[in-house]
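Engineer: Questions regarding the structure given below will be posed in turn.
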Amino acid sequence: MTAAAPTRTRFVLPPGRLATEPPEWRGRGRDDVRLLVASRYAVVHEHFPSLREYLREGDVLVVNNSVTLPSAVAARDGSGRRFPLHVSTALDDGRWVVEARRPDQSGPDFSLSPGTRLALPGGVELVVDEPFPDAGARPSRLWSAVVSPTVDRARYLERFGSPIVYDYVTGHPPTSYYQNVWASEPGSAEMPSAGRPFTAELLVRLVSRGITVVPITLHCGVSSPELHEPPAPEPFRVSESAAAAVNSARARGGRVVAVGTTVVRALESVASPDGTVHEGAGWTDLVLSAERPARVVDGLVTGLHEPEASHLDLLDAVAGPELVDKAYEALVQGDYLWHEFGDSTLLLP
Amino acid sequence: MTPHAQAPVRPVALVTGASRGLGRALARELAAQGWALVLDARDPVRLHRVAVELGALTDVSALAGDVADPAHREALGRAVDAHRRLDALVNNASVLGPSPLVPLRELDLTELQRTWTVNALAPLALVQRVLPALERTGGAVVDVSSDAAVEAYAGWGCYGSAKAALDALTAVLAVEQPELTVYAFDPGDMATDLHQQAFPGEDVYDRPAPESVVPALLELVCGRLPSGRYRAADLAPVEAEAVTA
């Protein structure tokens, strides 16, 4: 199967605990979700806006400003079979990385092979090239594909795509539901969802208390919640001013709190062993874990991850396996909701 | 550098009722001054927020529980034992009793018993538990009192009688333990949740903020004055004026 072995199963996710719709559809605010706060003192149950009680003047909150593209398109293969295709990212040479899905959205379809031709809306054709990121992998979930004619991925998807919606979600939330309030750089296939519960009002309250909000960019590929793979290489950018803001906060004793695992990955990709951050851009294949702990990130706001998800290893890298296990025990017992429209956690080791 | 130089010893304070109001304001100031803290409060979420905030500044033990509960007091005692010393015990946790206030003829005796337990018995019980650690440093005991302990205000019989008992215990303790400094401290009216409970529906936030009383309280926590009963207004007239001006 896939190259890496799944990580150990750390908890059992009880049935009925996937958030099936955004809180807005229940007549509530974006921020009207629960927040579990895990620190060395205790694990306590809070409401998301209480996040501000845990941040103080001088801290930096680092957010991912990637815009989520509507990255699902209807594809048709040579035999006329129709199925959803998820466009994960565009490579530097213009090829796209894609994942074919089963027509009922129940999981990935592994039937792509080199040379497969796919017809997409708007007269675009893809020719499947090789497995991504490991060209030797068979079977593979992700493939690179040559696009003709050459089109700009973001503009194409904005016209012909729809948001990627997994089968646990009821209905079709509009694209705006998949954007964070600070999103400005188009490029993600899936939402960097840790930032979703933040409202403009909460951001203003944080900023007015002397907390600096610093953007970085990392475009999320498709994760396929059914599988438990290590994260694929993703394009990122940490600007000079973002790096300077993080470094100066640390120098003054402030904490670096990441909103989302994507932010941790980007920051740690440009961090020296002493925790100093440098500007940088490109593709990151950094994989964080308890064996490669975070150097610069002190705390993490993140959604709830699947029992075998490789994301849990990244949480270990920030908070240590013991605290992560304690937090997930409380999440399971506390009736929390998983996934992008669900509840949230703050890990402050 | 001497090879056996020891790390500077932090003074240690146990503050009850530290998740809000005067207790939180005092804990913040002590943390800023480098004191190690053992903190207590009933509400685990609010106590957690304070612990995370102050944990960046100093060594904090935060134990959620009710000072009326002997097992919880024992846990606080063990947290103090871990430091091997105690420089100040601040008995700040209090309950008001019934809210809104009721005259004595209507007072539920269970409420009275509970108020006496939290406001008078528990402070003495904590003193008994941590006395060896206090004696090691010649530390301070500060029992937070009230003008209701000495003045007869209608409706304040439940709370006032408990604080009067606390005052009496404090005064006797001062005589019996001359190696310590032992204080009753009357902070005066403050904009706190307890004060709000006494006057439900009324805006109590015209009263001084608890932070304004902290400088006066610190005089006692640091044991700089002789044992006795002190009012905040008499200790720090400058600060008190600045707040009301």
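Engineer: Kindly state which helices (runs of 4 or more DSSP H) lie completely within region A:234-349 and contain at least 1 residues that are at pLDDT 95 or above and under 28 Å from A:SER184 (Cα atoms).
Structural biologist: Details: elements: A:240-251, A:261-269, A:311-319, A:321-333.
Output list reads A:240-251, A:261-269, A:311-319.
Engineer: Which of the residues spanning region B:9-35 are within 14 Å of chain A (Cβ to nearest Cβ) and more than 22 Å from A:HIS45 (Cα to Cα)? Explain how you work it out, then say what you get.
Structural biologist: Our first condition is that a residue be within 14 Å of chain A (Cβ to nearest Cβ); within region B:9-35, this holds for B:18-20, B:24, B:27-28, B:31-32.
Listed by number, the residues that qualify are B:ALA27, B:ARG28, B:ALA31, B:ALA32.
Engineer: Anything in region B:186-216 that is open to solvent by less than 40 Å² (accessible area, probe 1.4 Å) and touching a helix residue (DSSP H, G or I) at 6+ places or on another chain (Cβ under 6 Å)? List them, or say none.
Structural biologist: Within region B:186-216, B:ASP186, B:PRO187, B:GLY188, B:MET190, B:THR192, B:VAL204, B:PRO208, B:PRO210, B:SER212, B:VAL213, B:VAL214, B:ALA216 meet the criteria.
Engineer: Now for a separate question. Among the residues of region B:137-148, count how many are over 16 Å from B:VAL221 (Cα atoms) and surrounded by fewer than 24 Cβ atoms within 10 Å (Cβ to Cβ).
Structural biologist: Taking region B:137-148 and keeping what is over 16 Å from B:VAL221 (Cα atoms), we get B:146-148.
Among the residues that remain, those that are also surrounded by fewer than 24 Cβ atoms within 10 Å (Cβ to Cβ) are: B:147-148.
The qualifying residues number 2.
Engineer: Quick check on region A:53-68: of everything there that is open to solvent by 50 Å² or more (accessible area, probe 1.4 Å) and out of contact with any helix residue (DSSP H, G or I) (no Cβ under 6 Å at 6 or more places or on another chain), which residue is nearest to the other protein chains (Cβ to nearest Cβ)? Talk me through it step by step, then tell me what you get.
Structural biologist: Going through region A:53-68, the residues open to solvent by 50 Å² or more (accessible area, probe 1.4 Å) turn out to be A:53, A:56-57.
Narrowing the set further to residues that are out of contact with any helix residue (DSSP H, G or I) (no Cβ under 6 Å at 6 or more places or on another chain) leaves A:56-57.
Working: A:ARG56: 6, A:GLU57: 11 Å.
Restricting to residues being open to solvent by 50 Å² or more (accessible area, probe 1.4 Å) and out of contact with any helix residue (DSSP H, G or I) (no Cβ under 6 Å at 6 or more places or on another chain), the top hit is A:ARG56.
Engineer: Does B:ARG10 qualify as being among the charged types (D, E, K, R) and part of a loop (DSSP other than H, G, I, E, B)?
Structural biologist: Details: among the charged types (D, E, K, R): yes; part of a loop (DSSP other than H, G, I, E, B): yes.
Spelling it out, B:ARG10 is indeed among the charged types (D, E, K, R) and part of a loop (DSSP other than H, G, I, E, B).
Engineer: Just to be sure I understand, how many residues within region B:54-82 are part of a loop (DSSP other than H, G, I, E, B), touching a residue at least 24 places away in the same chain (Cβ under 8 Å) and within 14 Å of another protein chain (Cβ to nearest Cβ)? Working first, answer last.
Structural biologist: In the first step, residues of region B:54-82 are kept if they are part of a loop (DSSP other than H, G, I, E, B); the result is B:56-59, B:65-69.
Of the ones still in play, those that are also touching a residue at least 24 places away in the same chain (Cβ under 8 Å) are B:57-59, B:65-68.
Of the ones still in play, those that are also within 14 Å of another protein chain (Cβ to nearest Cβ) are B:57-59, B:65.
Within region B:54-82, residues that are part of a loop (DSSP other than H, G, I, E, B), touching a residue at least 24 places away in the same chain (Cβ under 8 Å) and within 14 Å of another protein chain (Cβ to nearest Cβ) number 4.
Engineer: Right, something else. With (1) within 14 Å of chain B (Cβ to nearest Cβ); (2) touching an Asp or Glu at 6+ places or on another chain (Cβ under 7 Å) as the list, and A:VAL324 as the residue in question, which single condition is left unmet?
Structural biologist: Failed condition: (1).
Engineer: Go through (1) closer than 21 Å to A:GLY282 by Cα; (2) buried (at least 17 other Cβ atoms within 10 Å of the Cβ) and name the single condition A:ARG141 misses.
Structural biologist: It fails just one condition, (1).
Engineer: Might you check whether a residue that is open to solvent by less than 60 Å² (accessible area, probe 1.4 Å) and within 14 Å of chain B (Cβ to nearest Cβ) occurs anywhere in region A:20-36?
Structural biologist: yes
Engineer: Of all residues in region A:232-275, how many are β-branched (Val, Ile, Thr), open to solvent by less than 10 Å² (accessible area, probe 1.4 Å) and away from chain B (no Cβ under 14 Å)? Break it down into steps so the answer makes sense when it comes.
Structural biologist: Going residue by residue through region A:232-275, those that are β-branched (Val, Ile, Thr) are A:238, A:246, A:256-257, A:259, A:261-264, A:270.
From what is left, the residues that are open to solvent by less than 10 Å² (accessible area, probe 1.4 Å) are A:238, A:246, A:256-257, A:259, A:263-264.
Subsequent filtering for residues that are away from chain B (no Cβ under 14 Å) retains A:238, A:246, A:259, A:263-264.
The qualifying residues number 5.
Engineer: Quick check on my filter: what residues within region A:202-238 are touching a residue at least 24 places away in the same chain (Cβ under 8 Å) and farther than 24 Å from A:TRP283 by Cα?
Structural biologist: Across region A:202-238, the qualifying residues are A:LEU202, A:ARG205, A:LEU206, A:ARG209, A:GLY210, A:ILE211, A:THR212, A:GLU226.
Engineer: Another question, then. Quick one: which strands (runs of 3 or more DSSP E) lie wholly within region B:128-245 and hold at least 1 residues that are under 16 Å from the mean Cα position of the chain (by Cα) and among the hydroxyl-bearing types (Ser, Thr, Tyr)? Let's see the steps before the verdict.
Structural biologist: Details: elements: B:140-144, B:181-186, B:228-231.
So the answer is B:181-186, B:228-231.
Engineer: Could you please find all residues in region B:25-41 being touching a Ser or Thr at 6+ places or on another chain (Cβ under 8 Å) and either assigned to a loop (DSSP other than H, G, I, E, B) or among the small types (Gly, Ala, Ser) (or both)?
Structural biologist: Result: B:ALA31, B:GLY34, B:TRP35, B:ALA36, B:ALA41.
Engineer: Follow-up question, since we're still on this one. Condition first: over 17 Å from B:GLY155 (Cβ atoms) and open to solvent by 70 Å² or more (accessible area, probe 1.4 Å). Now tell me which residues in region B:76-113 satisfy that. Write out each step before concluding.
Structural biologist: Let us first name the residues in region B:76-113 that are over 17 Å from B:GLY155 (Cβ atoms), namely B:76-93, B:110, B:113.
Within region B:76-113, B:ARG78, B:ASP81, B:ALA82, B:ARG84, B:THR110, B:GLN113 meet the criteria.
Engineer: Now for a different question. Looking only at region A:101-129, count how many residues are in a strand (DSSP E or B), without any contact (Cβ under 8 Å) to a residue 40 or more places away in the chain and either open to solvent by less than 10 Å² (accessible area, probe 1.4 Å) or farther than 14 Å from A:PRO149 by Cα (or both). Give the steps one after another, and end with the answer.
Structural biologist: Residues of region A:101-129 in a strand (DSSP E or B): A:101, A:108, A:117-120, A:124-129.
Applying the additional criterion that residues be without any contact (Cβ under 8 Å) to a residue 40 or more places away in the chain yields A:101, A:124-125, A:127-129.
Of the ones still in play, those that are also either open to solvent by less than 10 Å² (accessible area, probe 1.4 Å) or farther than 14 Å from A:PRO149 by Cα (or both) are A:101, A:124, A:128-129.
Counting residues in region A:101-129 that are in a strand (DSSP E or B), without any contact (Cβ under 8 Å) to a residue 40 or more places away in the chain and either open to solvent by less than 10 Å² (accessible area, probe 1.4 Å) or farther than 14 Å from A:PRO149 by Cα (or both) gives 4.
Engineer: Quick one: B:ASP40 ticks every box in (1) away from every other protein chain (no Cβ under 14 Å); (2) acidic (Asp, Glu); (3) within 23 Å of B:CYS158 (Cβ to Cβ) except a single one, so which number is it?
Structural biologist: (1)
Engineer: Cβ-Cβ below 9 Å, separation at least six or inter-chain, first residue in region B:222-241 and at positive phi, second modelled with pLDDT of 95 or more and assigned to a loop (DSSP other than H, G, I, E, B): which pairs?
Structural biologist: Final answer for the pair search is B:GLY223/B:ASP87; B:GLY223/B:GLY138; B:GLY223/B:GLY139; B:GLY223/B:LEU180.
The values are calculated or read from the model by the stated rules, or taken from the named source; none is laboratory data. Just so we're clear, the structure is a prediction, and the values are computed from it rather than from any experiment. Don't worry about glycine lacking a Cβ; one is built from the backbone with ideal geometry, like all the others, and counts go over all protein chains shown. Side chains included, ligands, DNA and RNA excluded: accessible areas come from the protein's heavy atoms. Shrake-Rupley method; radii C 1.70, N 1.55, O 1.52, S 1.80 Å.
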